[in-house]
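Worksheet: one structure, shown below.
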Amino acid sequence: MRKQASFIFGIRVVRLAFAILNLSFSARYFGVSLQRDVWLLALNAIVILDIAVWAPLNDTFRAKFLFIKAKDGEAKALLHTRSLLLVINLITCVLVVLIMLFPGVIGQLLAPDYGEHEQITLKFMIRIVAPSFLINQITKILISILNTYNSFIIPEITGFITQVFTLVVIITLAPSIGIISLAISYYAGLILLLIMLLVQLKKRNINLFAGIFSANLRIALPFFAFSLPFFLPHFTSQINVIAEKSLATSAAIGSVSILDYARKFSDIPLDVLIGILVSLLVPVLSLKFSTGMMKDFFEAFKKIYQFGFLILALIIGLFTGCSGAIVDFLYKKGNISALSLSKISELTMGYSWAAFGIFLYHIYGLSLLSSGKGKLFAVYGTMAQLVMIGMNFYFFKDYSLYIFPFSLGSSHLIAAIVMAFYFPVRNNGLLIITVKYSLVVLVTGFLMYLLHIYLSDFGTPILVIIFNVIALKLILVAMIFIARLEERTIILKYLKKIVP
């Protein structure tokens, strides 16, 4: 399982590189501007609605599909899925029509301080991106279905191809048509992804669409019932997003873009890691739990758990050691002021540390979901969002944008610690693993911070980045051996192959 996770991670890292290139070209063409703020707000409007309405189903689909398949067989599971897909499409179409008719309601929620001109621009962009709601949701369900059939690699390769295609569209069109190029590239990537996923379903003989119009709501109800507890945490999470955007727009023009540029650095690799947890860990753990293989359940969890900590060490170490150099290298070529670059750099470091709490929250929450304790995940997820909203409103006047990464990381860490007490398998080794790997992450991050203070201010940004990458690798390998982690055997085997 660790090899499969590593392979998927490798593909997603390549996708990450293209996503960062996408960011760099966005900075070159659009910088920190009202144009890009409006694009981000409009896209966030659709993402907020998507997550609030359908994320609970997307998160729980894999587990419920496998439970139905194990109990009633593949044909029954596919029948339930056809019904679910039809219901989702019908409801989403209605919502898209409502968004197109009343974009001003969403605009006022996300940017209450915008004037008439800004609101008109925002409403136009909301109408442009609204139809993507339907396409995006269909692709998510199709990827989930392929995952339940142990097809993890093809969806990732498909996503990589669309990422490359999207970048080409931006580079080609941005100089001539401006911000609309982002919308065109977004749609082009979604449509290409949808086509390739449909081809994969056909190749694997998954008869998802046979008899689709005979489906009905009653047959889809088990998926809705299973995901029902998760509507509250996802709903509150989107209230939090609305509150964050509203607070950011009250600060200054460009603040939304500053937050996006900063958060993307840690979000992209973290999304890679969370994506592995959802697409790989949930199906495997659900299968182990439904068949009573609790020892295998723990072993599968442990492998991904340890793998995740090492990825965290890389994320935190890299963006702690050279966030300024990375920001300068990618964004300084655009029309972004030195003050904005400095804020992006500081926020990037903060968001990288927030990844620690987010990872633990997701992996413990998904372990509860896979073992039929989804209601607990929902309860503590809601609590995390409410704590974050309270912190943001209470401390925003004093700390401005800097409160967002702190509230994000701390609220999710608290929820993760509580959920850890409900872990499905009682095993004292889990606490020892958590302490050892957490110390490796924290010490690695601290040592990289010392390098950031004393040794990072030399040469060009690219030299600083190269130096920090080499230093991070050496520090992490040293920590693996000092803490006597399991991964040291893998390193030794690799060294024996390359050293005669």
Taking every pair of alpha-carbon atoms in the range 89-141, give the share separated by more than 16 Å as a whole percent.
43 percent
Given the range 355-500 reduced to its alpha-carbon atoms as identical point scatterers, what log10 I(q)/I(0) does the Debye formula return at q = 0.09, 0.16, 0.21 Å⁻¹?
-0.44, -1.06, -1.19
Using a Förster distance of 41 Å, the FRET efficiency for ARG488-MET294 (Cβ separation, nearest 0.05):
0.90
Quick check on my link table: of LYS202/LYS375; LYS140/LYS264; LYS264/LYS303, which ones sit more than 31 Å apart, alpha carbon to alpha carbon?
LYS202/LYS375
If you wrap the range 281-399's Cα atoms in a convex hull and average its projection over all directions, what's the area in nm²?
9.6 nm²
Run the helix sum for the chain: -39,500 (n - 2.57) per DSSP H stretch of 4+ residues, divided by residue count, reported at 222 nm to the nearest 500 deg cm²/dmol.
-29500 deg cm²/dmol
Find the relative contact order for the range 312-402 and round it to a whole percent, using C-alpha pairs within less than 8 Å whose residues are 6+ positions apart.
27 percent
Put TRP39, TRP353 in order of accessible area, largest first, 1.4 Å probe: what do you get?
TRP353, TRP39
Using 7 Å Cα-to-Cβ label points, what is the ILE171/LEU431 separation (nm, one decimal)?
5.4 nm
Just the number please: accessible area per residue for the range 35-165, 1.4 Å probe, all protein chains included, in Å².
37 Å²
Quick one: 3J(HN,Hα) in Hz for the range 167-178, Karplus 6.51/-1.76/1.60 with θ = phi - 60°, rounded, Gly and Pro as x.
4, 4, 4, 4, 4, 6, 9, 4, x, 9, 10, x
Between the alpha-carbon centers of the range 430-497 and the range 344-394, tell me the distance in whole angstrom.
25 Å
Using protein chains only and a probe of 1.4 angstrom, how many square angstrom of MET125 are accessible, to the nearest 10?
10 Å²
Carbon plus sulfur, as percent of the 1.4 Å-probe accessible area of the chain, comes to 70 percent
Gain in span if fully extended, SER246 to LEU450, counting 0.36 nm per residue against the direct Cα distance:
69.9 nm
Scattering profile of the range 34-100 at q = 0.26 Å⁻¹ [log10 I(q)/I(0), Debye over alpha-carbon scatterers]:
-1.11
Rank LYS288, LYS295 by accessible area, highest first, at a 1.4 Å probe radius?
LYS295, LYS288
What number comes out for the charge environment of TYR422, summing +1 per Lys or Arg and -1 per Asp or Glu over other residues with Cβ under 14 Å away?
+3
Relative contact order, percent, the chain [alpha-carbon distance under 8 Å, six or more residues apart]:
21 percent
Could you pull the accessible area for TYR449 with a 1.4 Å probe, rounded to 10 Å²?
90 Å²
Where the range 232-391 is the region considered: accessible area per residue in Å², 1.4 Å probe:
30 Å²
Report the accessible area of HIS452, computed with a 1.4 Å probe over the heavy atoms of all protein chains in place, in Å² rounded to the nearest 10.
60 Å²
For the pair LYS496/LEU198, report the inter-label distance in nm, with labels modelled 7 Å from Cα in the Cβ direction.
5.1 nm
Go from 0 up to the bin containing the longest alpha carbon distance in the chain, width 20 Å each, and give me the % of pairs per bin.
22, 59, 20, 0
Rounded to whole Hz and in sequence order, give me ³J(HN,Hα) for the range 386-399 from the Karplus expression 6.51 cos²θ - 1.76 cosθ + 1.60, θ = phi - 60°, writing x for Gly and Pro.
5, 4, 5, 4, x, 5, 4, 5, 6, 9, 4, 4, 7, 10
Lysines within cross-link reach of LYS397: Cα-Cα under 22 Å, excluding same-chain residues under 8 positions apart?
LYS245, LYS343
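The values are calculated or read from the model by the stated rules, or taken from the named source; none is laboratory data. Nothing here was measured: the structure is a model prediction, and the numbers come from that model. Counting neighbours? That spans all protein chains shown, and the Cβs are built from the backbone with ideal geometry, glycine included. Areas reflect the complete protein model, heavy atoms only, side chains present, ligands, DNA and RNA absent. Shrake-Rupley method; radii C 1.70, N 1.55, O 1.52, S 1.80 Å.
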